[in-house]
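One structure, pasted below without further comment.
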Amino acid sequence: MNGLERITSRIEAEAKSEVDGILDAGKAETKRIVDSWRARIDAESRELAEKNEKAAAEREERLRSAAEMDARKTILAAKQEMVDKAYSLALDKLCKMPEAEKVKLLSELLVRASSTGKEEAVFSEADRGVGAKAVEKANAASGKHLTVAKKTAPIRGGFILRDQNVEVNCAFETLVRLQKAETAGAVAKLLFPA
């Protein structure tokens, strides 16, 4: 081998060594970059998974709370319906009570509701006969001079007591409604003990 070939050979060996070093450095740098991006991707994937899991848990909690609220509303509406039905049944019983009991109740109400003792009592068409007996009994018991009105009222039971411009509404539906306003809570407690 002559001198030129040796120099060329040495230059080739040095160039190959330098190229191998650059390739090794490039491979190492590539591996470092890839590893860095993989770590970053893994971290972001974990972060996204945690956020999604947290968001899903929060959504589930909101949906559960909404469902519980809807259930409470439904239960409350059902309880309110049952309380309303109890008062409706009470009104039906008042309207359908036996005549002797109705005369007694109406006469007592007439005495308590009358302020002047000269009012006229307006009854429903169905209770006109019972009302006349109640007025007679109330007058006998109290010494008042109540009268039965010629006209009837569109009520289910009870009466409306009139004296000129003043009316006292003792219709059964009004009395039950007023009692409901005062006693609905107690009735609900009886119907639905805790």
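The values are calculated or read from the model by the stated rules, or taken from the named source; none is laboratory data. A quick note: this is a predicted structure, and the numbers were derived from the prediction, not measured. Note that we place each Cβ from the backbone using ideal geometry, even for glycine, and neighbour counts take in every protein chain shown. Only protein heavy atoms, including side chains, enter the accessible area calculation; ligands, DNA and RNA are left aside. Shrake-Rupley method; radii C 1.70, N 1.55, O 1.52, S 1.80 Å.
Identify, from the list Lys93, Lys85, Lys137, the residue that is open to solvent by 90 Å² or more (accessible area, probe 1.4 Å), modelled with pLDDT of 90 or more and under 28 Å from the mean Cα position of the chain (by Cα).
Only one candidate passes the filter, namely Lys85.
Restricting attention to region 170-190, which residues are of a type in the set (Asp, Glu) and more than 16 Å from Asp127 (Cα to Cα)?
Glu182
Something else about it: Name the residue, out of Leu94, Leu105, Leu109, that is touching a Cys at 6+ places or on another chain (Cβ under 8 Å), part of a helix (DSSP H, G or I) and closer than 30 Å to Leu190 by Cα.
Criteria check complete, one pass: Leu109.
Looking only at residues that are in contact with a Ser or Thr (Cβ under 8 Å, 6 or more places away or on another chain) and among the hydrophobic types (A, V, I, L, M, F, W, C) in region 128-155, which one is nearest to Pro98 (Cα to Cα)?
Ala134
Could we say that Arg156 is basic (Lys, Arg), surrounded by 14 or more Cβ atoms within 10 Å (Cβ to Cβ) and touching a Phe, Trp or Tyr at 6+ places or on another chain (Cβ under 9 Å) here?
The answer is yes for Arg156.
Listed residues Val103, Val187, Val176; which is over 30 Å from Leu76 (Cα atoms) and β-branched (Val, Ile, Thr)?
After ruling out the rest, the residue left standing is Val103.
Now for a different question. Being open to solvent by 10 Å² or more (accessible area, probe 1.4 Å) and free of Cβ contacts under 8 Å to residues at least 40 places away in the same chain is the filter here; which residues of region 114-126 pass it?
Within region 114-126, Glu125, Ala126 meet the criteria.
Confirm whether Val122 is aliphatic (A, V, I, L, M), more than 17 Å from Gln179 (Cα to Cα) and touching a Ser or Thr at 6+ places or on another chain (Cβ under 7 Å).
yes
A further question on this structure: Go through the residues of region 105-113 one by one and say whether even a single one is without any contact (Cβ under 8 Å) to a residue 60 or more places away in the chain, open to solvent by less than 20 Å² (accessible area, probe 1.4 Å), farther than 15 Å from Ala171 by Cβ and not hydrophobic (A, V, I, L, M, F, W, C).
Yes; the residues of region 105-113 include at least one that is without any contact (Cβ under 8 Å) to a residue 60 or more places away in the chain, open to solvent by less than 20 Å² (accessible area, probe 1.4 Å), farther than 15 Å from Ala171 by Cβ and not hydrophobic (A, V, I, L, M, F, W, C).
Please find, among Val135, Val168, Val148, the residue that is closer than 30 Å to Val83 by Cβ and touching a strand residue (DSSP E or B) at 6+ places or on another chain (Cβ under 8 Å).
Matching residue, one of Val135, Val168, Val148: Val168.
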